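A short reminder: the numbers here are calculations on the coordinates, not readings from a lab. This is a predicted model, so every value here is computed, not measured. All Cβ positions, glycine included, derive from the backbone under ideal geometry; neighbour counts span all protein chains shown.
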Amino acid sequence: MTSQSSHSDKILVVDDSPDNVFLIKTILEEEGYTISTAENGISALAKLKASPCDLVLLDLMMPGMDGYEVTNHIRKEMKLPQYIPILLITAHDAPNVAHGLDLGADDFIRKPVTVDELLARVRSLLRLKHSMDERDEIARQREDFVSRLTHDLRTPLVAADRMLMLFQQGALGTLSPQMQEVIAIMSRSNINLLSMVNTLLEVYRFEAGSKTLVLQPINLGRLLEEVIGELAPLAQEKTLSLNLDFTEESSTNKVMGDRLELHRLFTNLLGNAIKFTDSGSVNICLTSERQFNKSSQSQLSRKSNSVDYIRIEIADTGSGIPPEEQATIFERFRQGSHKSSGSGLGLYLARRIVEAHKGIILLNSELDKGSVFIVLLPTKNEKISNYEL
């Protein structure tokens, strides 16, 4: 029989029967696979933790920890660097294996196993494993390339911004009114591009797991006042009123958070509110909250209602968001249908920042009546460790 295997493939055989282990080990080693064995579920999990393999052949009925429990543990509790296919081995008179497949197993084979069927199923699952590894590697290389490219793009953009600033300040000579107008347009375009590059870079930092939050007590009332002051000129250009309202209790409560990231979050949300509102107002409300109402409970994924939160609402009188877009509004690269919609990364980044702070972000919107973005952040009484992806 011609071998179709890769000598680098490592297979873990888990079975409490020494005879079964010997038979399967002999068959697979003749094909060039590297085989390790475990006599029970606990031993199998220990071996996987110490040295991940490419495929697990798992007996379903074992004393102590059975194959169901092992499968569930591998899929839901073990943080393995790569996906490992699981092939269940079960007797003909054993219970239905559907439960094992529902728990995350990839295939099954019944005892007594035949050589051809065993090898065919092993080759099939290893092809699956290799294709997934290749896909993940391509994705990793693509994200690494985009991250590096984005980082490198910042240098010329920052340099261009400094040069345009010098022109506007007259450091390089007096400019005619026409040139001043051209330089102003170039400066705005460069700032917008730099903002997009910075957003993309932050997104890839989160997704690459290289983002670290520097946590400290944050007074959200003061932070929001700062953000409003920075964005007030944009609202004034559109004759929009910016209103901040907070209770005495919420003004003194603090959250444990990364000040830079929370500043980025509220700048994003408030900037969007101004951007998509042509007339009327943008209202920011800051309150304390302990319990959630029934209408929002399902959206909160059963978050505990006994935790103290600070609730930040950013409401605008803009055009609103269509119902069909609301379900995916916080997903990556989901651009809205509005003529002013951007890259589709801003709200995705906002969600990642909120989730990194163990918080929740929600949206209520109605066409032609405006939108309300709601951010719930745990107060300083909630223990939050440094964020890890």
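What the table below lists for this structure:
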| read-out | value |
| --- | --- |
| Rg to Rh quotient for segment 10-113, alpha carbon positions, Kirkwood Rh | 0.92 |
| Ranked 317, 34, criterion: other C-beta atoms within 10 Å, fewest first | 34, 317 |
| Prolate/oblate/rounded call for segment 190-271, Cα gyration tensor, a/c under 1.5 rounded | oblate |
| Estimated vicinal HN-Hα couplings, Hz - segment 57-64 in sequence order (Karplus 6.51, -1.76, 1.60; Gly, Pro = x) | 9, 10, 5, 6, 9, 10, x, x |
